[in-house]
Each structure stands twice: as C-alpha cells, then as structure tokens.
Amino acid sequence: MAEAYIVEAVRTPVGRRGGGLAGAHPADLGAHVLRALVARCGVDPAAVEDVVFGCLDTVGPQAGDIARTSWLAAGLPEEVPGVTVDRQCGSSQQAVHFAAQAVLSGTQDLVVAGGVQNMTQIPIAFASRQAAEPLGLSQGPFAGSEGWRSRYGDRPVDQFHGAELIAATWGITRRAQEEFALRSHQRAVRALDEGRFARETVAYGKVTADEGPRRDTSPEKMAALKPVVEGGTITAACSSQISDGAAAMLLASERAVRDHGLTPRARVHHLCVRGEDPVRMLSAPIPATAHALRKTGMTLDDIDLVEVNEAFAPVVLAWLAETGADPDKVNVNGGAIALGHPLGATGVKLMTTLLHELERTGGRFGLQTMCEGGGQANVTIIERL
C-alpha cells in the first residue's frame with residue numbers, strides 16, 4: 001500500500017494584527033518558510049514536483065498564485081510549479097490533502113504543502129466585498145443568486161451569526177466561552193514559556209515568537225467586552241485573532257524517502273472532508289470527525305492529541321460536547337483564540353504544532369479538524385513514526 005510521509009514541517013511565529021509581520025509581503029512570508037523547509041530537509045529543491053498553498057482573499061500582494069510567487073521569491077528552481085487553494089479557513093489543510101493524495105496516487109513523489117496570509121494588509125472577506133465595489137458587486141458571494149435564495153432564503157451567512165447559532169443550539173453560555181478562552185491563553189503562555197514551539201518556528205526578522213497570547217487577560221477583562229452581535233454571546237475575547245503568518249511541510253512517497261535519503265517523521269493515516277449546513281457554517285467538524293472515525297474504525301480513545309481550530313469558542317465546545325473527547329487532549333498548547341488564525345496558513349500551522357507535540361509527548365496518533373466557510377470541515381489523522 002502506498003504511503004504519504006511527512007518529512008518536515010515549519011512555520012513562522014504568528015504575528016498579531018499590526019504587529020511584527022504586518023509589513024511583510026505575503027510572498028516573502030511564504031518564501032521564508034519554504035527556504036527553511038528545504039534547508040532543514042536537505043532535499044534537492046528541483047526534485048519537488050509541486051507547491052500547494054492555501055490563501056484567501058487573493059488580491060493585491062496575495063494575488064497571482066502566491067504558491068508560485070512564494071517559491072520564486074525564495075530563490076528556488078523555476079521549473080517547480082505552484083498552485084493556490086481556497087477552501088476558506090481550511091485552505092492549507094486542504095493543501096496537505098491534495099499533496100498527500102498526489103503522493104498516494106503515485107503521480108508525484110515530493111510535494112510541498114503550505115499556506116500564507118497577511119490579514120493586516122488584506123482584511124478578511126476583502127475579495128468578496130471591498131475589492132468588488134468598483135464593479136458594483138459588493139454584496140458578497142450569495143446575494144443575487146436565485147438558486148441560493150430558493151434553498152436558503154435571505155438568512156445571514158456570516159461567521160458571527162454561525163457562532164451564535166452554535167452557542168444557542170448547544171446551550172453554550174458566554175461564561176463557558178470566556179472560561180475556554182482564558183484556558184487557551186494560559187495554555188499558549190505555558191507552551192511559549194516551556195519552549196514547546198521553538199523547534200517548529202523560524203524567526204522572521206525580529207519576530208521570534210507568537211505575538212498573540214495575552215499574559216494579562218482575566219475573566220474581568222473578558223466580561224467587560226461588548227458582544228459582536230447585539231444581544232449575542234460572542235465577543236472578541238472568544239474569537240480567533242486576526243493574524244499574519246505562513247507555514248509549510250514536505251510530503252514524500254516511499255520512493256522519494258529512499259532515493260533522497262529522507263527521514264519521515266509521520267505518515268498520513270487518514271484524510272477526508274465533509275459538509276453540512278452552510279448557514280450555521282461552523283459546526284461541520286462534528287460530522288466530519290464522526291465520518292473519519294467510521295472510515296478508519298478508530299475511536300477518540302485511539303487518538304493521543306487533537307487540534308480543533310478555535311475560530312470561536314463555541315465551535316470547540318460544541319465539538320467536545322458531541323464527541324465526548326477528553327478536553328485534556330484537545331488544543332493542549334492553546335489555539336487560535338490565543339495564538340491567532342492566519343486563515344490560509346492555519347491548517348499547516350496547526351499540523352506543524354500537532355506533529356511536534358506528538359514527538360514531544362511520545363504520542364502516536366493526532367487528529368486535526370477545522371470549520372470552514374460553506375459549512376465544511378477537513379479531518380486529517382497523522383501517525384508519528
């Protein structure tokens with residue numbers, strides 16, 4: 001049976017909005033992790049057969065196939081192509097899936113998967129709104145579609161609305177969300193202080209560590225914030241941080257491992273993607289996880305560590321409630337509420353952390369899932385070797 005091995009995985013520190021990475025060209029952020037990846041692997045970069053990057057809002061400096069631009073900006077061989085993927089927040093996790101599928105199919109042997117996003121420079125949803133204004137098309141991707149309206153009506157399709165729907169459906173209070181958010185910051189600060197991210201991050205200029213975790217946050221500070229939606233429960237404290245960053249990993253076939261003298265660190269055990277209600281939008285990790293476990297014959301007891309992207313606190317709290325997973329296995333080093341969510345880069349960023357934490361703790365299996373626009377969720381299970 002063919003295998004897809006993870007040979008190396010690296011990421012930049014995640015910069016907060018307006019922080020140390022704010023002025024970096026997105027292609028230079030991508031180039032930075034690509035150079036580090038090639039250097040750490042010691043592989044001939046000309047042997048790479050494709051570069052698959054996740055990125056959203058591909059306008060301005062993120063336009064023009066940033067996977068290709070990043071590779072060239074890194075000074076790497078021109079004969080290596082690149083392609084940019086948009087599965088919303090799961091874009092670079094999908095990049096891993098496409099890279100692994102290419103390797104598993106036998107059509108390619110060495111593929112880079114990664115992602116990049118500079119949200120300081122290009123705000124979230126810019127491509128679907130502000131960038132479309134000169135064309136008179138600034139109402140977003142759904143307005144005006146007869147097919148969409150006949151199926152979903154005029155209900156708001158918005159991440160905050162989706163998060164509020166999850167909180168209401170699962171009875172998740174604001175206090176529970178704030179307790180979860182506080183724990184995310186505490187875990188992230190502990191991870192930083194213990195150097196848990198040191199091996200996986202490559203400093204970018206003066207930015208040597210993740211900028212998001214707040215040491216001084218408190219229940220009182222969180223309680224003082226106003227909800228994003230009037231009458232709702234979601235505040236900025238319970239939401240992922242707007243961030244900048246990049247990440248990349250190398251996937252290889254058995255033949256490539258042998259021919260290039262590589263040392264695999266993990267194998268892709270399972271990958272899938274599922275969808276559900278696009279209006280509630282953010283709850284798809286629940287059925288996607290159930291699907292992955294059915295397909296593999298595994299249970300969550302077989303999984304040592306889990307990463308569920310903290311787009312909003314209710315996303316993870318609902319997932320925990322439905323799956324019955326052990327909270328002590330989930331986002332053990334904090335999540336996007338504390339560490340940030342650089343959209344197109346987050347999937348590989350999380351998998352990089354998952355791989356390194358499995359190695360640190362001696363765990364065998366790690367599961368990653370994240371909610372995505374359109375009511376979708378990827379699930380990847382990796383096995384440490």
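The values are calculated or read from the model by the stated rules, or taken from the named source; none is laboratory data. Since the model is a prediction, treat every value here as computed from it, not as a measurement. All Cβ positions, even for glycine, are placed from backbone atoms using ideal geometry, and neighbour counts span all protein chains on display. The accessibility values were calculated without ligands, DNA or RNA, using every heavy atom of the protein model including side chains. Shrake-Rupley method; radii C 1.70, N 1.55, O 1.52, S 1.80 Å.
Using alpha carbon centroids, what distance separates segment 172-213 and segment 292-340, in Å?
16 Å
Among rounded, prolate and oblate, which fits the chain when a ≥ b ≥ c are the square roots of the eigenvalues of its C-alpha gyration tensor, a/c under 1.5 means rounded, and a/b larger than b/c means prolate?
rounded
Tell me the angle of helix 91-105 to the major Cα principal axis of the chain, expressed in degrees between 0 and 90 and rounded to the nearest ten.
With rounding to tens, the tilt is 40 degrees.
Working from Cα positions, state the angle (0 to 90°, nearest 10) between the long axis of helix 159-169 and the longest principal axis of the chain.
In the chain, helix 159-169 runs at an angle near 70 degrees to the longest axis.
For residue 329, give me every one of the lysines with a C-alpha distance below 16 angstrom, ignoring sequence neighbours fewer than eight places off in its own chain.
In chain and number order, there are no partners.
Need the full-extension length gain, residue 40 to residue 173, defined as separation in residues times 0.36 nm minus the C-alpha distance. One decimal, nm. Show your work: numbers first, answer last.
Numbers: separation 133, 0.36 × 133 = 47.88 nm, distance 4.51 nm.
This chain segment gains 43.4 nm when fully extended.
Does anyone have the angle between helix 26-41 and the longest principal axis of the chain? Alpha-carbon axes, 0 to 90°, nearest 10?
That helix lies at roughly 40 degrees to the long axis.
How much solvent-accessible surface does residue 152 expose, in Å² to the nearest 10, with a 1.4 Å probe and all protein chains in place?
Ignoring ligands and nucleic acids, residue 152 comes out at about 50 Å².
Working out 0.36 nm times the residue gap between residue 139 and residue 230, then minus their Cα-Cα distance, what length gain in nm do you get to one decimal?
The residue 139-residue 230 span can extend by a further 30.6 nm.
Please state the relative contact order of segment 154-283 as a whole percent: Cα pairs under 8 Å, 6+ residues apart? Display every interim value, and only then the final one.
On the way: 79 pairs, mean separation 54.4, N = 130.
Worked out over segment 154-283, it gives 42 percent.
Using label points projected 7 Å from each Cα along Cα→Cβ, tell me how many nm separate residue 186 and residue 385, to one decimal.
3.8 nm
Could you derive backbone 3J(HN,Hα) for segment 49-57 from the dihedral phi with the Karplus parameters 6.51, -1.76 and 1.60 (θ = phi - 60°), listing whole Hz in sequence and x where the residue is Gly or Pro?
Computed from phi, the couplings for segment 49-57 are 9, 6, 10, 10, 10, x, 6, 10, 6 Hz.
Taking all protein chains in place and a 1.4 Å probe, what share, in percent, of the accessible surface of segment 327-385 do carbon and sulfur account for? Walk me through the numbers before you get to the answer.
Details: 520 of 1120 Å².
Roughly 47 percent of what the probe reaches on segment 327-385 is carbon or sulfur.
Which whole-Hz ³J(HN,Hα) couplings does segment 334-339 yield from phi under the Karplus relation 6.51 cos²θ - 1.76 cosθ + 1.60, θ = phi - 60°, glycine and proline marked x?
Values, residue by residue: x, x, 5, 4, 9, 9 Hz.
What nm value, rounded to one decimal, do you get for the distance between residue 130 and residue 158 when each label is placed 7 Å out toward the C-beta?
1.8 nm
Taking the convex hull of the alpha carbon atoms in segment 218-327, what volume per residue do you get, in Å³?
Values: hull volume 19.7 nm³, N = 110.
It is 179 Å³ per residue.
Any idea what the dipole of segment 116-187 comes to, in debye rounded to 20, about its Cα centre with Lys/Arg Cβ at +1 and Asp/Glu Cβ at -1? Could you put the intermediate results ahead of the total?
On the way: 8 positive and 7 negative charges, 47 e Å.
Using only the charged Cβ atoms, the result is roughly 220 debye.
Tell me which of 236, 283, 222 sits at the most positive position along the dipole axis of segment 222-328, charges placed on C-beta atoms (Lys, Arg +1; Asp, Glu -1).
Sorting the options by dipole projection puts first 283.
Which residue, chosen from 118, 18, 99, occupies the Cα position most advanced towards the positive end of the dipole of segment 1-132, where the dipole is computed from +1 (Lys, Arg) and -1 (Asp, Glu) charges on Cβ about the Cα centre?
18
Within straight cross-link reach of residue 206, meaning Cα distance under 25 Å, which lysines are found once same-chain residues fewer than 8 apart are removed?
349
Starting from 0.36 nm per residue, how many nanometres of slack lie between residue 279 and residue 47 once their C-alpha separation is accounted for? Could you put the intermediate results ahead of the total?
Numbers: separation 232, 0.36 × 232 = 83.52 nm, distance 4.30 nm.
Extra length available between residue 279 and residue 47 comes to 79.2 nm.
Please find the FRET efficiency linking residue 295 to residue 107, where r is the Cβ-Cβ separation and R0 is fixed at 25 Å, and quote it to the nearest 0.05. Present the calculation step by step, with values, prior to reporting the outcome.
On the way: r = 22 Å, r/R0 = 0.90.
E between residue 295 and residue 107, to the nearest 0.05, is 0.65.
Quick one: Karplus J couplings for segment 358-371, per residue in order, coefficients 6.51, -1.76, 1.60, θ = phi - 60°, nearest Hz, x for Gly and Pro?
Computed from phi, the couplings for segment 358-371 are 4, 5, 5, 9, x, x, 9, 10, x, 10, 10, 8, 7, 6 Hz.
What accessible area per residue, rounded to a whole number of Å², is obtained for the chain using a probe radius of 1.4 Å? Could you put the intermediate results ahead of the total?
Numbers: 15240 Å² over 385 residues.
Heavy-atom accessible area per residue stands at 40 Å².
Measure off, as a whole percent, the carbon and sulfur share of the 1.4 Å-probe accessible area of segment 163-223, all protein chains present. Each step should come with its number before you reach the end.
Values: 1680 of 3270 Å².
Solvent-exposed carbon and sulfur of segment 163-223 make up 51 percent of the total.
Taking the simple approach of a point 7 Å from Cα along Cα-to-Cβ for both residue 221 and residue 78, what is their distance in nm?
5.1 nm
Among all stretches of the chain without exposed trypsin sites (Lys or Arg not before Pro) (DSSP loop, at most 10 other Cβ atoms within 10 Å), which one is longest? Mind dumping the intermediate values first?
Details: sites that count: 206, 215.
Counting at most 10 other Cβ atoms within 10 Å as exposed, the longest clean stretch of the chain is 1-205.
Taking H as built 1.01 Å from N, whose amide H comes closer than 5 Å to the amide H of residue 52, not counting residues under 5 places away?
Amide H neighbours of residue 52: 83, 112, 113, 114.
Per residue, how big is the convex hull of segment 1-115 when only Cα atoms are used? Give it in Å³. Present the calculation step by step, with values, prior to reporting the outcome.
Working: hull volume 12.1 nm³, N = 115.
Here the figure is 105 Å³ per residue.
Can you tell me what share of the DSSP beta bridges in segment 291-385 is antiparallel? A percent to the nearest 5 is fine. Don't skip to the end; give the middle numbers.
Numbers: 8 of 13 bridges.
If I count the DSSP bridges inside segment 291-385, around 60 percent turn out antiparallel.
Expressed as a whole number of Å, what is the distance separating the alpha-carbon centroids of segment 70-103 and segment 223-239?
36 Å
Quick one: which residues, 5+ away or cross-chain, put their amide H under 5 Å from the amide H of residue 270? H built at 1.01 Å from N.
Amide H neighbours of residue 270, under 5 Å, 5+ apart: 381.
Can you tell me the mean projection area, over all orientations, of the convex hull of segment 62-181's alpha carbons? Units nm², please. Before the final figure, lay out the partial values.
Details: hull surface 48.6 nm².
Result: a mean projected hull area of 12.2 nm².
State to the nearest 20 debye the size of the charge dipole of segment 138-275 about its Cα centre, where the only charges are +1 on K and R beta carbons and -1 on D and E beta carbons.
Working: 20 positive and 17 negative charges, 87 e Å.
Once rounded to the nearest 20, the dipole reads 420 debye.
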